[in-house]
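Enquirer: First the structure, then my questions, so here it is.
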Amino acid sequence: MTLAEIQALVIAAAKAREAAYVPYSHFAVGAALLAASGEIYIGCNVENASFGLTVCAERNAVFHAVAQGERHFAVVAVVTQNGVTPCGACRQVLAEFNPQMMVIVADTTGNRCIYNLAELLPHAFGPEHLNTMQ
Ligand code: THU
C-alpha cells in the first residue's frame, strides 16, 4: 500500500461521509473499502427515526461491495470528525472477509492511524469456527 493509495482511500471515505444521513446523532461517518479487484466501494452511515435500524458506514460499504460480487478486501478507510475506530459490529462484519484487513482511521483534519483488524478484534469468531457437517 503506497502513501498515494492510502490518501486516495481516505479521500474516498471523506467524500462518502458527505452523504451520511445523520439527523439524530449528527455524527457522520464515511468508509471506503479497497477490494482485491482494485475497485473502491464506499459507504456512509444511514440513520432512521426507529434508531435501532441505523446502519454504520463500514457495513454499508461491505454490503455494497458484496452485492457487486466482491469477497476480499485488503484495506478499509474510515473517516469521522474525531478519527475513531469502527464499532464492534462493523469489526465483526469486516473480519468475515479478511481478519487481517488494514484499517485506516482518519479525522477531518488529516490525522491518521493504521491498525490491523486482528488488533481491533482479537480472538475473533469467524467462518472457520462453524462446523456445518454436524
Ligand atoms: N457509526 C458508524 O457509522 N460506524 C461506526 O463504526 C460507529 C458508529 C454511526 C452509527 C450512527 O449513525 C452514528 O455513527 C453514531 O453512533
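Enquirer: Is region 69-134 best put as rounded, prolate or oblate by its Cα gyration tensor, with a ≥ b ≥ c the root eigenvalues, rounded for a/c under 1.5, and otherwise prolate when a/b is larger than b/c, oblate when not?
Expert: Cα axes put region 69-134 in the prolate bin.
Enquirer: A further question on this structure: What is the antiparallel percent of DSSP beta bridges lying wholly in region 3-122, to the nearest 5?
Expert: Percent antiparallel among DSSP bridges in region 3-122 is about 75.
Enquirer: Under the rule of at least 5 residues apart or a separate chain, name every residue whose amide H is placed under 5 Å from the amide H of V84.
Expert: none
Enquirer: Once phi is turned into θ = phi - 60°, what whole-Hz ³J(HN,Hα) does the Karplus curve with 6.51, -1.76 and 1.60 give for every residue of region 3-20, x standing for Gly and Pro?
Expert: 4, 5, 5, 4, 5, 5, 5, 5, 5, 5, 5, 5, 5, 4, 4, 4, 8, 3
Enquirer: Now a separate question. Given a Förster distance of 30 Å, report the FRET efficiency between H72 and T109 from their Cβ-Cβ distance, rounded to the nearest 0.05.
Expert: Working from the Cβ atoms, E equals 0.40.
Enquirer: Under 12 Å from the Cβ of C113, count the other residues' Cβ atoms, weight Lys and Arg +1, Asp and Glu -1, and hand me the total.
Expert: -1
Enquirer: Under the classification rounded if a/c is under 1.5, otherwise prolate if a/b is larger than b/c and oblate if not, where does region 3-122 fall, given a ≥ b ≥ c as square roots of the Cα gyration tensor eigenvalues?
Expert: rounded
Enquirer: Can you sort I11, I114, I42 so the residue with the fewest Cβ neighbours within 10 Å comes first?
Expert: Ranked by crowding around the Cβ, least crowded first: I114, I11, I42.
Enquirer: Here is a further query. Once you put a point 7 Å from the Cα of F125 and another 7 Å from the Cα of T54, both along the Cβ direction, what distance in nm separates them?
Expert: Result: 2.3 nm between the two label points.
Enquirer: Towards the positive end of the charge dipole of the chain, with charges on Cβ (+1 Lys, Arg; -1 Asp, Glu), say which of A57, L130, A67 has the farthest Cα.
Expert: Working it through, the farthest residue towards the positive pole turns out to be A57.
Enquirer: Per residue of region 35-48, what does 6.51 cos²θ - 1.76 cosθ + 1.60 with θ = phi - 60° give for ³J(HN,Hα)? Whole Hz please, x for Gly and Pro, Karplus curve as stated.
Expert: Whole-Hz 3J(HN,Hα) from phi for region 35-48: 8, 4, 5, x, 6, 10, 10, 10, x, 9, 6, 10, 8, 8.
All of the numbers you see were taken from the coordinates with simple rules; none came from a lab. None of the values given here were measured: they were computed from a predicted structure. Cβ atoms come from the backbone with ideal geometry, glycine included; neighbour counts cover every protein chain shown.
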